[in-house]
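Only one structure is covered here, and it is reproduced in the block below.
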Amino acid sequence: SFTTAFTQHPQHAAVMLKLLDGLQTVSRNTETAAIARQFLQRYPAHEAAGRVEQILAATLDQLEDRIRAAETYDAVWQRLGDTDEGRRAALRASQLYVLVNNKDALTKAAALGEAVLDKVAAPEFAARMDELRRDYIGRPTPVYFAQRLTEHLGGAKVYLKREDLCHT
């Protein structure tokens with residue numbers, strides 16, 4: 001085929017992208033994944049590489065190749081960062097890592113979670129978390145001095161954190 005025989009042709013990348021669009025349209029997922037991988041290998045800095053990476057992730061997800069799909073969604077997150085698409089990719093990667101459910105995948109999910117927390121716009125994220133804690137969970141929960149328990153234990157001051165008041 002043209003994609004393997006004429007790799008030096010000036011229109012090679014454009015032909016690969018057209019082929020990828022066609023394969024995706026007719027749901028030839030195995031071939032779509034193969035062409036997407038080839039494109040990313042040959043043209044990692046191409047302006048369409050991000051879109052191709054997203055196509056590859058979604059295709060692997062459809063093929064139920066969970067670990068490779070998760071790794072590709074993770075790569076999309078690395079490429080796009082704190083954008084709507086990037087956050088969606090990070091979320092899907094985390095979900096797939098958890099579904100794989102082995103030590104390596106769970107470690108990758110934890111590392112991805114840390115990376116997301118490091119990159120997500122801190123003030124917006126912190127404000128949203130505070131809002132959810134206050135309005136949904138009911139935090140911060142109060143701390144009460146347990147006077148009778150303190151007396152019963154001989155004077156060691158005992159405080160109780162009222163987690164039972166949380167709404168979750």
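Looking at Ser94, Ser27, can you tell me which residue is in a loop (DSSP other than H, G, I, E, B) and small (Gly, Ala, Ser)?
So the residue among Ser94, Ser27 that is in a loop (DSSP other than H, G, I, E, B) and small (Gly, Ala, Ser) is Ser27.
For the structure I just gave you, tell me whether Val76 is under 15 Å from the mean Cα position of the chain (by Cα), closer than 30 Å to Thr4 by Cβ and not aromatic (Phe, Trp, Tyr).
Yes; evaluated as a whole, the condition is true for this residue.
Pairs please, first residue from the range 35-58 and at pLDDT below 95, second anywhere and acidic (Asp, Glu) and in a helix (DSSP H, G or I), Cβ atoms under 7 Å, 6+ apart in sequence or on different chains.
Leu40/Glu53
Looking at the range 6-18, is at least one residue in a helix (DSSP H, G or I), out of contact with any Cys (no Cβ under 9 Å at 6 or more places or on another chain), in contact (Cβ under 8 Å) with a residue 24 or more places away in the chain and closer than 21 Å to Ala89 by Cα?
No, every residue in the range 6-18 fails to be in a helix (DSSP H, G or I), out of contact with any Cys (no Cβ under 9 Å at 6 or more places or on another chain), in contact (Cβ under 8 Å) with a residue 24 or more places away in the chain and closer than 21 Å to Ala89 by Cα.
Based on this model, can you work out whether Ile67 counts as within 16 Å of Arg92 (Cβ to Cβ), part of a helix (DSSP H, G or I) and open to solvent by 10 Å² or more (accessible area, probe 1.4 Å)?
Yes: the conditions hold for Ile67.
How about the range 35-57: which of its residues are open to solvent by 40 Å² or more (accessible area, probe 1.4 Å) and not acidic (Asp, Glu)?
Arg37, Gln38, Gln41, Arg42, Tyr43, Pro44, Ala45, His46, Arg51, Gln54
Of the numbered conditions (1) farther than 14 Å from Arg92 by Cβ; (2) in a helix (DSSP H, G or I); (3) modelled with pLDDT of 90 or more, Thr3 fails exactly one; give the number of that condition.
Only one criterion is unmet by Thr3, namely (3).
Are any of the residues in the range 12-25 in contact with a His (Cβ under 8 Å, 6 or more places away or on another chain) and not acidic (Asp, Glu)?
yes
Considering only residues that are over 12 Å from Ser94 (Cβ atoms) and either outside any loop (DSSP other than H, G, I, E, B) or of a type in the set (Gly, Ala, Ser) (or both), look in the range 108-123 and name the one that is modelled with the lowest pLDDT.
For the range 108-123, the residue satisfying everything is Ala121.
The values are calculated or read from the model by the stated rules, or taken from the named source; none is laboratory data. On a predicted model such as this, the values are computed, not experimentally measured, just so you know. Positions of Cβ are backbone-derived with ideal geometry, glycine not excepted, and every protein chain shown enters the neighbour counts. Side chains included, ligands, DNA and RNA excluded: accessible areas come from the protein's heavy atoms. Shrake-Rupley method; radii C 1.70, N 1.55, O 1.52, S 1.80 Å.
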